[in-house]
Amino acid sequence: MNLLDGLGDTILISVSSVVLGTILGVFVGLAMTYGQRWLRFIVRLYIDFLRGTPVFVLILACFYVLSVVGVDLTAFQAGVLALTLFCSSHVGEIVRGALSAIAVGQTEAAKSIGLTFMQTFVYVLLPQALRQILPTWVNTATEIVKASTLLSIIGVVELLLATQQVIARTYLSLEFYLFAGFVYFLLNFVIEQAGRAVERRISIP
Amino acid sequence: MSPILTISGLHKSFGELEVLKGIDLTMQQGDVVSLIGSSGSGKTTLLRCVNLLEDFEKGSIELAGQKIGYREDGAGQRRRLPEREVARQRSMTGMAFQQFNLFPHMTAIRNVMLGLIKTKNMPKDEAREVAQKWLERVGMAARSDHYPGQLSGGQQQRVAIARAIAMNPQIMLFDEVTSALDPELVAEVLAVVRDLAVEGMTMLLVTHEMRFARDVSTKVVFMHQGRIHEEGTPDEIFGAPKTERLQGFLANSEI
């Protein structure tokens with residue numbers, strides 16, 4: 001089934017981009033918060049550049065420009081790379097925001113009981129930051145699912161392109177576009193509900 | 001008896017502004033020293049230097065015979081000790097803060113256990129026992145599974161004191177621990193601090209509670225513009241202040 005394969009690709013693209021982008025984004029946020037001035041400057045440029053560029057352009061750049069400089073990626077890989085970068089810039093920004101929103105007294109209290117910087121980060125700051133980040137992060141994940149449709153432009157047969165191929169054969173454009181739209185809605189609905197459930201579970205009394 | 005704390009010639013600046021202009025202070029085991037003075041006199045900064053939350057440029061602090069924070073290298077250059085060493089020295093002091101600073105995502109008992117497990121490498125069960133014991137001592141045993149957000153300010157501060165003192169510090173530092181509390185909650189926290197003093201805990205307090213300072217201290221230090229302006233027994237300081245500055249300060253404080 002063409003559509004099922006497409007849906008599988010959409011999910012695979014979204015999950016890998018969100019996972020990779022989040023890991024990268026945490027480091028971006030850390031660098032923004034605790035880095036030396038020069039590092040913060042570079043990372044700030046990175047964030048601003050990625051956030052200021054349309055995802056569409058990012059995808060085209062990863063696919064066409066990288067091959068010019070000798071990096072040959074498949075359309076799938078290039079697409080995931082573009083979405084990962086995009087995701088990391090968003091996650092970086094929200095991680096930075098969450099970390100700097102934690103009162104400085106938390107760090108001081110952690111220091112005063114003899115915790116090192118790493119211990120302070122892992123046991124005191126990160127658990128608080130993650131709770132704060134979660135709602136915005138869920139939002140970013142749904143953005144990535146929607147942005148994954150743009151990969152159809154470079155020929156990745158994800159759900160949208162698979163739908164268009166079916167429509168090309170059957171001419172049932174209204175039915176199949178509606179169906180695709182509904183599936184995207186369902187995906188994001190599940191993500192949001194899951195996010196809310198986790199939020200409730202880990203909320204601090 | 002060798003002193004627990006020896007501060008000599010301590011200087012500290014924030015940029016251009018010199019906030020500590022040469023502080024000398026010695027404390028013996030069991031001493032309870034209150035730092036009083038108007039805001040901006042440097043008393044909180046002095047306290048924060050003792051547990052290395054603030055750097056200082058000149059002078060030295062010795063804790064239980066050990067110079068803290070810095071060492072001199074071969075060329076006589078002053079260098080900050082590596083972070084791990086600073087963290088270890090910090091755990092020789094306990095600090096209670098004006099804003100409590102409990103970790104909001106942990107229950108009361110977890111707050112107390114964290115340092116025991118991570119700094120003291122205590123097994124979890126033992127840490128739980130020690131933590132429970134100290135929560136009992138500050139009258140918070142029944143609330144050990146509550147989160148800070150479920151406790152009143154006074155209760156939070158008592159947990160915060162338990163968290164600090166469970167680490168078995170050489171000296172406890174109290175930074176205006178009642179200033180953020182509603183008036184009716186002040187007494188319960190002061191009672192805990194008083195108990196610790198009576199039991200012989202060495203304590204350095206910054207406080208605006210003059211009556212409490214008079215009751216509980218073995219020595220009172222009046223600071224003014226980054227210097228120790230006058231020091232003495234509570235009776236000397238409150239009963240017979242020598243300098244005009246101290247007289248003026250006491251006249252403006254509630255006793």
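The values are calculated or read from the model by the stated rules, or taken from the named source; none is laboratory data. Predicted model only: the values in this text are computed from it and were never measured. Virtual Cβ from ideal backbone geometry, glycine too; neighbours counted across all protein chains shown.
Tabulated values for the structure
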| item | result |
| --- | --- |
| Selection from the range A:65-114 of residues that are within 14 Å of chain B (Cβ to nearest Cβ), touching a Phe, Trp or Tyr at 6+ places or on another chain (Cβ under 9 Å) and surrounded by 21 or more Cβ atoms within 10 Å (Cβ to Cβ) | A:A109, A:A110, A:K111, A:S112 |
| Filter pass, B:T202 being surrounded by fewer than 18 Cβ atoms within 10 Å (Cβ to Cβ) and in contact with a strand residue (DSSP E or B) (Cβ under 7 Å, 6 or more places away or on another chain) | no |
| Close pairs (9 angstrom Cβ cut-off, 6 or more residues apart or separate chains): modelled with pLDDT of 90 or more in the range B:57-71, surrounded by 18 or more Cβ atoms within 10 Å (Cβ to Cβ) and of a type in the set (G, A, S) anywhere | B:S60/B:G69; B:I61/B:G69 |
| Test result for B:H208, part of a loop (DSSP other than H, G, I, E, B), under 25 Å from B:I4 (Cα atoms) and not acidic (D, E) | yes |
| Of all residues in the range B:41-76 being in contact with a strand residue (DSSP E or B) (Cβ under 6 Å, 6 or more places away or on another chain) and part of a loop (DSSP other than H, G, I, E, B), the one that is surrounded by the fewest Cβ atoms within 10 Å (Cβ to Cβ) | B:D73 |
| Residue within the range B:138-157 that is surrounded by 18 or more Cβ atoms within 10 Å (Cβ to Cβ), facing another protein chain (nearest Cβ under 9 Å) and either modelled with pLDDT of 95 or more or in contact with a strand residue (DSSP E or B) (Cβ under 8 Å, 6 or more places away or on another chain) (or both) present | yes |
| Subset of the range B:100-112 [within 11 Å of chain A (Cβ to nearest Cβ), within 19 Å of A:G114 (Cβ to Cβ) and over 20 Å from the mean Cα position of the chain (by Cα)] | B:M106, B:R110 |
| Hits in the range B:33-49 (condition: in contact with a Leu (Cβ under 7 Å, 6 or more places away or on another chain) and touching a residue at least 60 places away in the same chain (Cβ under 8 Å)) | B:V33, B:S34, B:L35, B:G42, B:K43, B:L46, B:L47 |
| Helices (runs of 4 or more DSSP H) lying entirely in the range A:21-125 (those with 2 or more residues that are touching a residue at least 24 places away in the same chain (Cβ under 8 Å)) | A:37-52, A:55-60, A:75-101 |
| Failed item in (1) surrounded by fewer than 18 Cβ atoms within 10 Å (Cβ to Cβ); (2) more than 13 Å from chain A (Cβ to nearest Cβ); (3) out of contact with any Lys or Arg (no Cβ under 7 Å at 6 or more places or on another chain); (4) of a type outside the set (G, A, S), with B:L135 passing the rest | (1) |
| Criterion (assigned to a loop (DSSP other than H, G, I, E, B), within 18 Å of the chain's Cα centre (by Cα) and more than 12 Å from chain A (Cβ to nearest Cβ)) met by exactly one of B:L181, B:L196 | B:L181 |
